[in-house]
Amino acid sequence: MAEEPIFMAVGHGRLDYQKAMAEARATLGEFCRLLPELIGTAAFPSIKVPLVSGEDRINIWLIVEQYGEPDFIASIFEIPAAFSDYEVGEHVRVSQDAVLDWMYRDGGTVYGAYSLRYQRSLLPPEEQIQFDKRVGVGRFA
């Protein structure tokens, strides 16, 4: 049986969270320049975007399948059950302006993922190890 996705509420008004998101936005162009080499590889280039279903909103990671400035086509790989407007495997068009964060992997090293770094920082050390295993982080670049 597959593990349930982890969705963590984050204090969006906190200054340290806002700083992490500003860094993600400031480096998005760097990620976009790398996408031709990353799409379709084990790097799993991903973007974090807001999705809305009725009155519910979630910021969720999607895997980038295509990029043509200024839009991404990305696929949903996990979604809370409450978001019945969407399904795993569905493709979503996302404008570059809607991207909150980005990441890709090179082996166990994760690049970007500023919101994950922030979320991890909120956990006690013993929970950080489990968090790293769950999201597939060996280390952050």
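The values are calculated or read from the model by the stated rules, or taken from the named source; none is laboratory data. What you are looking at is a predicted structure, and each value in this text was computed from that prediction instead of being measured. Because the Cβ atoms are built from the backbone with ideal geometry, glycine has one as well, and the counts that use them run over all protein chains shown.
Can you tell me how many residues in region 28-78 are in contact with a Pro (Cβ under 6 Å, 6 or more places away or on another chain), at pLDDT 95 or above and either among the hydroxyl-bearing types (Ser, Thr, Tyr) or part of a strand (DSSP E or B) (or both)?
Adding up the residues that qualify gives 1.
Scan region 49-66 and report the pairs whose first residue is more than 17 Å from residue 91 (Cβ to Cβ) and whose second residue is among the hydroxyl-bearing types (Ser, Thr, Tyr) and surrounded by 12 or more Cβ atoms within 10 Å (Cβ to Cβ), with Cβ atoms within less than 6 Å and a gap of 6+ or a chain change.
Within 6 Å, no pair qualifies.
Filter region 122-141 down to residues that are under 20 Å from residue 16 (Cα atoms) and among the polar types (S, T, N, Q), then give me how many there are.
Selection size over region 122-141: 1.
Can you tell me which residue in region 40-62 is surrounded by the most Cβ atoms within 10 Å (Cβ to Cβ), limited to those that are hydrophobic (A, V, I, L, M, F, W, C) and more than 19 Å from residue 141 (Cβ to Cβ)?
62
Could you check, for region 68-90, whether at least one of its residues is closer than 20 Å to residue 140 by Cβ and among the polar types (S, T, N, Q)?
No, there is no match, as no residue in region 68-90 is closer than 20 Å to residue 140 by Cβ and among the polar types (S, T, N, Q).
Return the residues of region 79-116 that are surrounded by 13 or more Cβ atoms within 10 Å (Cβ to Cβ), in a loop (DSSP other than H, G, I, E, B), in contact with an Asp or Glu (Cβ under 9 Å, 6 or more places away or on another chain) and without any contact (Cβ under 8 Å) to a residue 60 or more places away in the chain; say none if nothing qualifies.
83, 113
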